[in-house]
Amino acid sequence: MKKNEVPQDKSNLESVNFKELCYAVDENGEYTTAHSTGWDPKTIALNKAIEEIHERTENAKQRVLNNTTSPIEYYMELHKMDLPILSSYVGFWKWRVKRHFKPKVFNKLPQKTLQKYADVFDISIDKLKNIADGN
Amino acid sequence: MEIKFTHHQSAHCENGVVSNLMKHNGFNISEPMVFGIGSGLLFCYIPFLKVNHAPAITYRSMPGSIFKRFAKRVGIKIKHEKFSNPKDAKVRLDQNLANNNPVGLQVGVYNLEYFPDEYRFHFNAHNLIVYGKENNTYLISDPVMESVTSLSEKQLEKVRFAKGAFAPKGHIYYPTNFPKELNIESAIIKGIKQTCRDMLAPVPIVGVKGIRMVAKLIRKWPKKKGTKVANHYLGQIVRMQEEIGTGGGGFRYIFAAFLQESSKILKNPKLAELSTEMTQIGDLWRDFALDLSRIYKNRSAKEDAYNNVAIQLETIADKEEVFFKALKKAI
(Lines give C-alpha, C1' and ligand atoms only; values in the text may rest on other atoms or scores of the structure.)
Protein backbone atom coordinates (compact mmCIF):
# COMPACT_ATOMS: atom_id res chain seq x y z
CA MET A 1 0.00 0.00 0.00
CA LYS A 2 1.36 3.41 -0.99
CA LYS A 3 1.00 6.32 1.37
CA ASN A 4 -1.36 8.16 -0.96
CA GLU A 5 -3.53 5.04 -1.21
CA VAL A 6 -4.24 4.85 2.52
CA PRO A 7 -8.05 4.95 2.52
CA GLN A 8 -9.81 8.00 3.89
CA ASP A 9 -13.39 6.74 3.85
CA LYS A 10 -16.11 7.85 6.23
CA SER A 11 -16.44 5.56 9.25
CA ASN A 12 -17.76 5.28 12.81
CA LEU A 13 -14.47 6.76 14.03
CA GLU A 14 -15.53 10.18 12.84
CA SER A 15 -17.93 10.70 15.74
CA VAL A 16 -15.07 10.62 18.25
CA ASN A 17 -12.63 12.41 16.00
CA PHE A 18 -10.18 9.55 15.98
CA LYS A 19 -7.88 8.33 13.22
CA GLU A 20 -6.09 5.03 13.14
CA LEU A 21 -2.49 4.43 12.19
CA CYS A 22 -1.56 2.43 9.08
CA TYR A 23 1.75 1.37 7.60
CA ALA A 24 2.47 2.32 3.99
CA VAL A 25 5.40 3.10 1.69
CA ASP A 26 6.27 6.61 0.53
CA GLU A 27 7.35 7.64 -2.98
CA ASN A 28 10.92 6.38 -2.32
CA GLY A 29 9.71 2.94 -1.25
CA GLU A 30 10.48 3.67 2.43
CA TYR A 31 8.04 2.53 5.09
CA THR A 32 6.24 5.21 7.03
CA THR A 33 3.00 5.58 8.96
CA ALA A 34 -0.13 7.37 7.83
CA HIS A 35 -3.46 8.16 9.43
CA SER A 36 -6.64 6.69 8.05
CA THR A 37 -10.18 7.87 8.76
CA GLY A 38 -11.55 4.45 7.81
CA TRP A 39 -12.04 1.98 4.98
CA ASP A 40 -15.42 1.03 3.54
CA PRO A 41 -14.95 -2.77 3.46
CA LYS A 42 -14.41 -2.89 7.20
CA THR A 43 -16.95 -0.19 8.03
CA ILE A 44 -19.57 -2.26 6.22
CA ALA A 45 -18.41 -5.40 8.07
CA LEU A 46 -18.65 -3.63 11.41
CA ASN A 47 -22.07 -2.17 10.63
CA LYS A 48 -23.35 -5.58 9.56
CA ALA A 49 -22.06 -7.09 12.80
CA ILE A 50 -23.84 -4.40 14.80
CA GLU A 51 -27.03 -4.91 12.78
CA GLU A 52 -26.77 -8.61 13.56
CA ILE A 53 -26.51 -7.90 17.29
CA HIS A 54 -29.59 -5.64 17.08
CA GLU A 55 -31.48 -8.41 15.32
CA ARG A 56 -30.45 -10.95 17.94
CA THR A 57 -31.46 -8.56 20.72
CA GLU A 58 -34.82 -7.77 19.11
CA ASN A 59 -35.43 -11.47 18.58
CA ALA A 60 -34.63 -12.24 22.23
CA LYS A 61 -36.95 -9.42 23.34
CA GLN A 62 -39.84 -10.88 21.37
CA ARG A 63 -39.21 -14.27 22.92
CA VAL A 64 -39.20 -12.76 26.41
CA LEU A 65 -42.53 -11.07 25.67
CA ASN A 66 -43.87 -14.40 24.35
CA ASN A 67 -42.63 -16.02 27.55
CA THR A 68 -40.37 -18.51 25.75
CA THR A 69 -37.16 -17.24 27.31
CA SER A 70 -36.15 -15.23 30.36
CA PRO A 71 -34.93 -11.61 30.38
CA ILE A 72 -31.43 -12.92 31.09
CA GLU A 73 -31.04 -13.96 27.48
CA TYR A 74 -32.26 -10.56 26.32
CA TYR A 75 -29.76 -8.70 28.49
CA MET A 76 -27.01 -11.07 27.42
CA GLU A 77 -27.61 -10.15 23.77
CA LEU A 78 -27.99 -6.49 24.63
CA HIS A 79 -24.53 -6.55 26.17
CA LYS A 80 -23.03 -8.25 23.09
CA MET A 81 -22.33 -11.34 25.18
CA ASP A 82 -22.64 -15.02 24.45
CA LEU A 83 -23.12 -17.93 26.85
CA PRO A 84 -19.42 -18.49 27.73
CA ILE A 85 -18.87 -14.78 28.39
CA LEU A 86 -22.00 -14.38 30.54
CA SER A 87 -21.24 -17.55 32.47
CA SER A 88 -17.74 -16.26 33.18
CA TYR A 89 -19.02 -12.86 34.38
CA VAL A 90 -21.74 -14.22 36.62
CA GLY A 91 -19.63 -17.12 37.88
CA PHE A 92 -22.09 -19.95 37.10
CA TRP A 93 -21.60 -22.97 34.86
CA LYS A 94 -22.89 -22.53 31.34
CA TRP A 95 -25.62 -25.15 31.82
CA ARG A 96 -26.90 -23.26 34.86
CA VAL A 97 -27.09 -19.99 32.95
CA LYS A 98 -28.88 -21.80 30.15
CA ARG A 99 -31.34 -23.21 32.66
CA HIS A 100 -31.98 -19.69 33.92
CA PHE A 101 -33.15 -18.83 30.39
CA LYS A 102 -36.27 -20.90 31.09
CA PRO A 103 -39.01 -18.52 32.26
CA LYS A 104 -40.28 -21.07 34.80
CA VAL A 105 -36.84 -21.41 36.39
CA PHE A 106 -36.16 -17.69 36.18
CA ASN A 107 -39.37 -16.82 38.05
CA LYS A 108 -38.30 -18.95 40.99
CA LEU A 109 -34.72 -17.69 41.21
CA PRO A 110 -33.67 -16.47 44.66
CA GLN A 111 -32.94 -12.81 45.19
CA LYS A 112 -29.23 -13.53 45.57
CA THR A 113 -28.92 -15.11 42.14
CA LEU A 114 -30.95 -12.35 40.52
CA GLN A 115 -28.71 -9.78 42.16
CA LYS A 116 -25.66 -11.41 40.57
CA TYR A 117 -27.18 -11.05 37.10
CA ALA A 118 -28.33 -7.52 37.86
CA ASP A 119 -24.79 -6.58 38.91
CA VAL A 120 -23.30 -7.99 35.72
CA PHE A 121 -25.75 -6.02 33.58
CA ASP A 122 -25.45 -2.98 35.86
CA ILE A 123 -29.22 -2.68 36.42
CA SER A 124 -31.72 -3.12 39.27
CA ILE A 125 -33.50 -6.42 39.92
CA ASP A 126 -36.77 -4.73 38.96
CA LYS A 127 -35.37 -3.85 35.60
CA LEU A 128 -33.92 -7.33 35.21
CA LYS A 129 -37.37 -8.84 35.76
CA ASN A 130 -39.23 -6.39 33.60
CA ILE A 131 -37.48 -5.56 30.34
CA ALA A 132 -40.20 -3.19 29.18
CA ASP A 133 -39.29 -0.67 31.92
CA GLY A 134 -37.36 2.20 30.46
CA ASN A 135 -36.45 0.33 27.32
CA MET B 1 1.62 12.37 40.51
CA GLU B 2 2.51 12.23 36.89
CA ILE B 3 5.49 10.47 35.38
CA LYS B 4 7.14 12.28 32.49
CA PHE B 5 6.07 10.07 29.64
CA THR B 6 5.88 10.60 25.89
CA HIS B 7 2.93 9.07 24.10
CA HIS B 8 3.47 7.74 20.56
CA GLN B 9 0.52 6.41 18.61
CA SER B 10 0.99 2.95 17.12
CA ALA B 11 -1.06 0.65 14.93
CA HIS B 12 -1.19 -2.24 17.36
CA CYS B 13 -1.64 -2.07 21.12
CA GLU B 14 0.84 -4.72 22.29
CA ASN B 15 3.71 -3.56 20.03
CA GLY B 16 2.87 0.00 20.93
CA VAL B 17 3.01 -0.58 24.68
CA VAL B 18 6.39 -2.33 24.38
CA SER B 19 7.78 0.28 22.00
CA ASN B 20 6.58 3.13 24.23
CA LEU B 21 7.97 1.54 27.41
CA MET B 22 11.31 0.95 25.67
CA LYS B 23 11.44 4.54 24.44
CA HIS B 24 10.62 5.73 27.95
CA ASN B 25 13.67 3.80 29.20
CA GLY B 26 15.96 5.31 26.59
CA PHE B 27 15.94 2.60 23.90
CA ASN B 28 14.67 3.78 20.54
CA ILE B 29 12.80 0.68 19.33
CA SER B 30 10.15 1.09 16.65
CA GLU B 31 6.81 -0.68 16.60
CA PRO B 32 7.67 -2.91 13.59
CA MET B 33 10.91 -3.93 15.37
CA VAL B 34 8.96 -5.13 18.41
CA PHE B 35 6.50 -6.94 16.18
CA GLY B 36 9.18 -8.69 14.10
CA ILE B 37 11.50 -9.65 16.95
CA GLY B 38 8.53 -10.91 18.93
CA SER B 39 7.45 -13.02 15.90
CA GLY B 40 4.06 -11.36 15.84
CA LEU B 41 3.11 -12.38 12.31
CA LEU B 42 0.99 -15.50 11.99
CA PHE B 43 -2.07 -16.98 10.47
CA CYS B 44 -4.23 -19.27 12.53
CA TYR B 45 -7.75 -20.56 12.19
CA ILE B 46 -9.17 -21.43 15.61
CA PRO B 47 -12.22 -23.62 15.04
CA PHE B 48 -13.01 -24.17 18.74
CA LEU B 49 -13.13 -20.46 19.61
CA LYS B 50 -16.12 -18.41 18.52
CA VAL B 51 -15.92 -14.64 18.48
CA ASN B 52 -19.20 -12.77 17.94
CA HIS B 53 -20.81 -16.03 16.82
CA ALA B 54 -18.23 -16.66 14.08
CA PRO B 55 -15.09 -18.80 14.00
CA ALA B 56 -11.96 -16.97 15.10
CA ILE B 57 -9.19 -16.30 12.63
CA THR B 58 -6.07 -14.53 13.76
CA TYR B 59 -3.30 -12.87 11.79
CA ARG B 60 -0.99 -12.52 14.80
CA SER B 61 0.44 -14.66 17.57
CA MET B 62 -1.18 -15.19 20.99
CA PRO B 63 -1.78 -12.07 23.09
CA GLY B 64 1.21 -11.42 25.33
CA SER B 65 3.58 -13.62 23.36
CA ILE B 66 5.06 -10.76 21.32
CA PHE B 67 6.26 -9.00 24.47
CA LYS B 68 7.52 -12.20 26.08
CA ARG B 69 9.60 -13.22 23.08
CA PHE B 70 10.83 -9.71 22.45
CA ALA B 71 12.07 -9.39 26.04
CA LYS B 72 13.79 -12.75 25.98
CA ARG B 73 15.47 -12.11 22.64
CA VAL B 74 16.86 -8.64 23.33
CA GLY B 75 17.76 -9.53 26.91
CA ILE B 76 15.47 -7.41 29.07
CA LYS B 77 13.69 -8.69 32.17
CA ILE B 78 9.95 -8.24 32.51
CA LYS B 79 7.87 -8.63 35.62
CA HIS B 80 4.40 -10.06 35.05
CA GLU B 81 1.72 -10.33 37.68
CA LYS B 82 -1.92 -11.42 37.75
CA PHE B 83 -4.31 -11.04 40.65
CA SER B 84 -7.44 -12.71 41.92
CA ASN B 85 -8.33 -9.73 44.08
CA PRO B 86 -8.92 -6.30 42.46
CA LYS B 87 -7.71 -4.55 45.65
CA ASP B 88 -4.26 -6.18 45.45
CA ALA B 89 -4.09 -5.32 41.77
CA LYS B 90 -4.77 -1.67 42.53
CA VAL B 91 -2.20 -1.57 45.37
CA ARG B 92 0.50 -2.94 43.07
CA LEU B 93 -0.36 -0.42 40.35
CA ASP B 94 -0.26 2.50 42.80
CA GLN B 95 3.08 1.33 44.22
CA ASN B 96 4.62 1.36 40.76
CA LEU B 97 3.27 4.79 39.95
CA ALA B 98 4.63 6.09 43.27
CA ASN B 99 8.02 4.70 42.23
CA ASN B 100 7.87 6.65 38.98
CA ASN B 101 7.45 3.49 36.97
CA PRO B 102 4.92 3.52 34.09
CA VAL B 103 3.39 0.06 33.65
CA GLY B 104 1.66 -1.94 30.95
CA LEU B 105 -1.79 -3.37 31.67
CA GLN B 106 -3.87 -5.94 29.85
CA VAL B 107 -7.52 -4.88 29.72
CA GLY B 108 -10.89 -5.76 28.21
CA VAL B 109 -12.30 -3.43 25.58
CA TYR B 110 -16.01 -3.76 26.36
CA ASN B 111 -16.01 -1.29 29.25
CA LEU B 112 -13.29 1.00 27.92
CA GLU B 113 -15.11 4.33 28.17
CA TYR B 114 -13.03 6.30 25.70
CA PHE B 115 -13.51 3.82 22.83
CA PRO B 116 -16.28 4.52 20.31
CA ASP B 117 -19.37 2.48 21.22
CA GLU B 118 -19.29 0.50 17.99
CA TYR B 119 -15.84 -0.83 18.81
CA ARG B 120 -16.63 -2.04 22.31
CA PHE B 121 -16.76 -5.80 22.02
CA HIS B 122 -15.79 -8.46 24.56
CA PHE B 123 -12.18 -8.53 23.51
CA ASN B 124 -9.82 -8.98 26.43
CA ALA B 125 -6.35 -8.71 24.96
CA HIS B 126 -6.04 -4.97 24.68
CA ASN B 127 -2.99 -3.26 26.20
CA LEU B 128 -2.36 0.21 27.55
CA ILE B 129 0.11 2.08 29.73
CA VAL B 130 -0.70 3.86 32.99
CA TYR B 131 1.73 6.70 33.57
CA GLY B 132 0.28 8.60 36.50
CA LYS B 133 -2.59 9.28 38.88
CA GLU B 134 -4.23 12.59 39.66
CA ASN B 135 -7.20 13.06 42.03
CA ASN B 136 -8.08 9.37 41.82
CA THR B 137 -7.98 9.43 38.03
CA TYR B 138 -5.46 7.30 36.22
CA LEU B 139 -3.54 8.85 33.33
CA ILE B 140 -3.62 6.47 30.40
CA SER B 141 -1.48 6.20 27.29
CA ASP B 142 -3.40 3.88 24.98
CA PRO B 143 -1.11 3.24 21.99
CA VAL B 144 -3.89 3.04 19.41
CA MET B 145 -5.29 6.44 20.43
CA GLU B 146 -3.89 9.62 18.96
CA SER B 147 -3.35 11.26 22.35
CA VAL B 148 -3.36 10.38 26.05
CA THR B 149 -6.57 9.88 27.99
CA SER B 150 -7.71 8.99 31.52
CA LEU B 151 -9.91 6.56 33.47
CA SER B 152 -11.42 6.70 36.95
CA GLU B 153 -10.44 4.08 39.56
CA LYS B 154 -13.72 2.28 39.08
CA GLN B 155 -13.50 2.34 35.26
CA LEU B 156 -9.97 0.99 35.31
CA GLU B 157 -10.86 -1.79 37.73
CA LYS B 158 -13.73 -2.83 35.48
CA VAL B 159 -11.55 -3.23 32.39
CA ARG B 160 -8.72 -4.90 34.33
CA PHE B 161 -11.12 -7.52 35.61
CA ALA B 162 -13.13 -8.13 32.45
CA LYS B 163 -14.25 -11.75 32.06
CA GLY B 164 -14.44 -14.22 29.20
CA ALA B 165 -11.74 -15.61 26.89
CA PHE B 166 -8.24 -14.30 27.75
CA ALA B 167 -9.57 -12.63 30.93
CA PRO B 168 -6.83 -10.19 31.99
CA LYS B 169 -7.12 -10.88 35.77
CA GLY B 170 -5.50 -7.54 36.48
CA HIS B 171 -2.43 -8.48 34.44
CA ILE B 172 0.30 -5.88 35.03
CA TYR B 173 3.77 -5.90 33.47
CA TYR B 174 6.85 -3.72 33.30
CA PRO B 175 10.54 -4.06 32.46
CA THR B 176 12.75 -4.41 35.53
CA ASN B 177 16.23 -4.87 34.14
CA PHE B 178 17.97 -3.71 30.98
CA PRO B 179 21.30 -4.86 29.57
CA LYS B 180 23.86 -2.18 28.65
CA GLU B 181 23.22 -2.85 25.01
CA LEU B 182 20.41 -4.78 23.39
CA ASN B 183 21.35 -7.74 21.18
CA ILE B 184 19.24 -6.47 18.31
CA GLU B 185 20.97 -8.37 15.49
CA SER B 186 20.66 -11.83 16.96
CA ALA B 187 17.14 -10.99 18.18
CA ILE B 188 16.05 -10.09 14.64
CA ILE B 189 17.36 -13.38 13.28
CA LYS B 190 15.64 -15.39 16.00
CA GLY B 191 12.40 -13.50 15.39
CA ILE B 192 12.45 -14.10 11.64
CA LYS B 193 13.35 -17.76 12.04
CA GLN B 194 10.40 -18.43 14.29
CA THR B 195 7.98 -16.59 12.01
CA CYS B 196 9.16 -18.73 9.06
CA ARG B 197 8.79 -21.86 11.17
CA ASP B 198 5.26 -20.90 12.28
CA MET B 199 4.06 -19.90 8.83
CA LEU B 200 5.39 -23.13 7.27
CA ALA B 201 4.31 -25.35 10.19
CA PRO B 202 2.93 -28.77 9.27
CA VAL B 203 -0.27 -28.08 11.22
CA PRO B 204 -3.53 -27.86 9.25
CA ILE B 205 -4.87 -24.76 11.00
CA VAL B 206 -1.63 -22.75 11.21
CA GLY B 207 0.29 -20.61 8.71
CA VAL B 208 0.11 -21.29 4.99
CA LYS B 209 -1.84 -24.51 5.60
CA GLY B 210 -4.31 -22.58 7.74
CA ILE B 211 -4.89 -20.10 4.91
CA ARG B 212 -5.64 -22.98 2.53
CA MET B 213 -8.04 -24.48 5.05
CA VAL B 214 -10.01 -21.23 5.33
CA ALA B 215 -10.16 -21.06 1.52
CA LYS B 216 -11.76 -24.51 1.54
CA LEU B 217 -14.21 -23.49 4.25
CA ILE B 218 -15.25 -20.37 2.32
CA ARG B 219 -16.40 -22.67 -0.49
CA LYS B 220 -18.38 -24.81 1.95
CA TRP B 221 -20.00 -22.14 4.12
CA PRO B 222 -22.76 -20.93 1.74
CA LYS B 223 -24.00 -24.50 1.21
CA LYS B 224 -23.54 -25.71 4.75
CA LYS B 225 -24.56 -22.62 6.71
CA GLY B 226 -26.63 -20.58 4.24
CA THR B 227 -25.61 -17.26 2.72
CA LYS B 228 -26.58 -15.17 5.74
CA VAL B 229 -24.24 -16.99 8.12
CA ALA B 230 -21.56 -17.35 5.44
CA ASN B 231 -21.59 -13.61 4.85
CA HIS B 232 -21.40 -12.96 8.58
CA TYR B 233 -18.29 -15.17 8.70
CA LEU B 234 -16.73 -13.31 5.76
CA GLY B 235 -17.37 -10.00 7.50
CA GLN B 236 -15.65 -11.41 10.56
CA ILE B 237 -12.59 -12.35 8.47
CA VAL B 238 -12.30 -8.80 7.16
CA ARG B 239 -12.62 -7.41 10.67
CA MET B 240 -9.92 -9.69 12.06
CA GLN B 241 -7.68 -8.81 9.14
CA GLU B 242 -8.17 -5.07 8.86
CA GLU B 243 -9.50 -3.80 12.19
CA ILE B 244 -7.67 -1.13 14.14
CA GLY B 245 -4.39 -2.52 15.33
CA THR B 246 -3.38 -4.48 12.27
CA GLY B 247 -1.77 -1.55 10.44
CA GLY B 248 -3.60 -2.86 7.35
CA GLY B 249 -3.38 -6.11 5.37
CA GLY B 250 -3.49 -8.45 8.37
CA PHE B 251 -0.21 -7.14 9.88
CA ARG B 252 1.64 -7.82 6.59
CA TYR B 253 2.60 -4.15 6.15
CA ILE B 254 4.04 -3.90 9.67
CA PHE B 255 6.06 -7.03 8.96
CA ALA B 256 7.32 -5.55 5.67
CA ALA B 257 8.37 -2.40 7.55
CA PHE B 258 10.24 -4.63 10.01
CA LEU B 259 12.09 -6.39 7.16
CA GLN B 260 13.06 -3.05 5.65
CA GLU B 261 14.45 -1.78 8.95
CA SER B 262 16.22 -5.11 9.58
CA SER B 263 17.81 -5.02 6.13
CA LYS B 264 19.61 -1.82 7.15
CA ILE B 265 20.64 -3.10 10.60
CA LEU B 266 21.90 -6.45 9.33
CA LYS B 267 23.23 -4.92 6.07
CA ASN B 268 21.35 -7.59 4.17
CA PRO B 269 19.92 -6.22 0.87
CA LYS B 270 17.95 -9.43 0.31
CA LEU B 271 15.67 -8.47 3.22
CA ALA B 272 14.84 -5.16 1.53
CA GLU B 273 13.80 -7.06 -1.60
CA LEU B 274 11.66 -9.39 0.49
CA SER B 275 10.12 -6.38 2.23
CA THR B 276 8.89 -5.14 -1.17
CA GLU B 277 7.47 -8.59 -1.86
CA MET B 278 5.69 -8.67 1.49
CA THR B 279 4.15 -5.27 0.68
CA GLN B 280 2.75 -6.77 -2.52
CA ILE B 281 1.36 -9.73 -0.58
CA GLY B 282 -0.21 -7.22 1.81
CA ASP B 283 -1.86 -5.56 -1.19
CA LEU B 284 -3.30 -8.95 -2.19
CA TRP B 285 -4.79 -9.32 1.29
CA ARG B 286 -6.35 -5.88 0.87
CA ASP B 287 -7.84 -6.89 -2.50
CA PHE B 288 -9.16 -10.05 -0.89
CA ALA B 289 -10.86 -7.99 1.85
CA LEU B 290 -12.34 -5.67 -0.76
CA ASP B 291 -13.81 -8.60 -2.70
CA LEU B 292 -15.18 -10.18 0.47
CA SER B 293 -16.92 -6.90 1.27
CA ARG B 294 -18.54 -6.93 -2.16
CA ILE B 295 -20.10 -10.28 -1.25
CA TYR B 296 -21.52 -9.30 2.14
CA LYS B 297 -22.61 -5.88 0.89
CA ASN B 298 -25.35 -7.30 -1.32
CA ARG B 299 -26.94 -10.30 0.27
CA SER B 300 -27.72 -12.13 -2.97
CA ALA B 301 -24.22 -13.10 -4.00
CA LYS B 302 -23.71 -15.80 -6.58
CA GLU B 303 -22.07 -19.04 -5.54
CA ASP B 304 -19.34 -18.23 -8.02
CA ALA B 305 -18.34 -15.24 -5.89
CA TYR B 306 -17.38 -17.47 -2.95
CA ASN B 307 -15.34 -19.63 -5.27
CA ASN B 308 -13.53 -16.58 -6.64
CA VAL B 309 -12.43 -15.29 -3.25
CA ALA B 310 -11.38 -18.80 -2.25
CA ILE B 311 -9.12 -18.92 -5.32
CA GLN B 312 -7.75 -15.51 -4.37
CA LEU B 313 -6.95 -16.81 -0.90
CA GLU B 314 -5.21 -19.87 -2.31
CA THR B 315 -3.03 -17.61 -4.47
CA ILE B 316 -2.04 -15.70 -1.33
CA ALA B 317 -1.20 -18.99 0.41
CA ASP B 318 1.04 -20.02 -2.50
CA LYS B 319 2.80 -16.67 -2.48
CA GLU B 320 3.34 -16.72 1.27
CA GLU B 321 4.73 -20.24 1.07
CA VAL B 322 7.32 -19.18 -1.51
CA PHE B 323 7.99 -16.01 0.46
CA PHE B 324 8.71 -17.65 3.82
CA LYS B 325 10.90 -20.30 2.23
CA ALA B 326 12.95 -17.52 0.61
CA LEU B 327 13.06 -15.56 3.88
CA LYS B 328 14.35 -18.61 5.74
CA LYS B 329 17.21 -18.85 3.25
CA ALA B 330 17.95 -15.13 3.33
CA ILE B 331 19.10 -15.06 6.96
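General remarks:
- Region B:111-248: projected area of the alpha-carbon convex hull, averaged over directions, in nm²: 12.4 nm²
- Peptide packing for A:82-91, A:111-120 was compared via the average number of neighbouring C-beta atoms within 10 Å per residue; ordered from the highest value, the list is A:82-91, A:111-120.
- For residues of A:44-54, the mean tally of beta carbons on other chains within 10 Å: 6
- Inter-chain Cβ neighbour average for residues B:113-124, partner chain, 10 Å: 4
- Low-density loop positions, GluC sites (Glu not before Pro), region B:125-176 - DSSP coil, at most 16 other Cβ in 10 Å: B:E146
- Over region B:184-330, Cα pairs under 8 Å with separation of 6+ residues give a relative contact order of 32 percent.
- Loop-located trypsin sites (Lys or Arg not before Pro) across region B:29-133 with a Cβ neighbour count of 16 or fewer within 10 Å are B:K82, B:R120, with loop assigned by DSSP.
- Extending 7 Å from Cα along the Cβ direction at A:N4 and again at B:E314 yields two label points whose distance is 3.7 nm.
- Each listed q (0.10, 0.11 Å⁻¹) maps to a log10 I(q)/I(0) for chain B, found by the Debye formula over equal Cα scatterers with no solvent: -0.61, -0.73.
- Rounded if a/c under 1.5, otherwise prolate or oblate - the protein assembly as shown, Cα gyration tensor axes: oblate
- Looking at chain A alone, DSSP beta bridges between its own residues are antiparallel in about 75 percent of cases.
- Calculated on alpha-carbon atoms, Rg and Dmax of chain A in Å: 21.5, 70
- Under the Debye formula (equal points on every Cα, no solvent term), log10 I(q)/I(0) of region B:124-165 at q = 0.17, 0.22, 0.23 Å⁻¹: -0.47, -0.74, -0.80
- Accessible area per residue (1.4 Å probe, heavy atoms of protein chains only) ranks B:R294, A:R96 as B:R294, A:R96, with the largest value leading.
- Cleavage-rule hits, GluC sites (Glu not before Pro), region B:170-258, DSSP coil, Cβ neighbours within 10 Å at most 12: B:E181
- Here the Karplus curve 6.51 cos²θ - 1.76 cosθ + 1.60, taken at θ = phi - 60°, turns the phi angles of region A:22-34 into couplings of 10, 9, 7, 9, 8, 5, 8, x, 8, 6, 8, 10, 9 Hz, with x standing for Gly and Pro.
- For the residues of B:248-255, the average number of beta carbons from a partner chain within 10 Å of their own beta carbon is 4.
- Modelled spin labels at B:K267 and B:K193, positioned 7 Å past Cα toward Cβ, are 2.2 nm from each other.
- Taking each of B:K87/B:K154; B:K297/B:K319; B:K4/B:K133 in turn, the alpha-carbon distance tops 18 angstrom for B:K297/B:K319.
- Computed on chain B, with alpha-carbon pairs under 8 angstrom and 6+ residues apart, the relative contact order is 21 percent.
- A:T32/A:N130 FRET efficiency (R0 60 Å; Cβ-Cβ; nearest 0.05): 0.60
- Here each label is just a point 7 Å from Cα along the line to Cβ, and for B:D94 and A:R96 those points are 3.2 nm apart.
- Accessible surface, 1.4 Å probe, highest first, among residues B:M240, B:M33, B:M62: B:M62, B:M240, B:M33
The values are calculated or read from the model by the stated rules, or taken from the named source; none is laboratory data. Bear in mind that the values here come from a model prediction, so they are computed numbers and not experimental data. Note: ideal-geometry Cβ built from the backbone for every residue, glycine included; neighbour counts use all protein chains shown. Ligands, DNA and RNA are stripped out before the accessible areas are found, and what is left, the full protein with its side chains, is counted by its heavy atoms. Shrake-Rupley method; radii C 1.70, N 1.55, O 1.52, S 1.80 Å.
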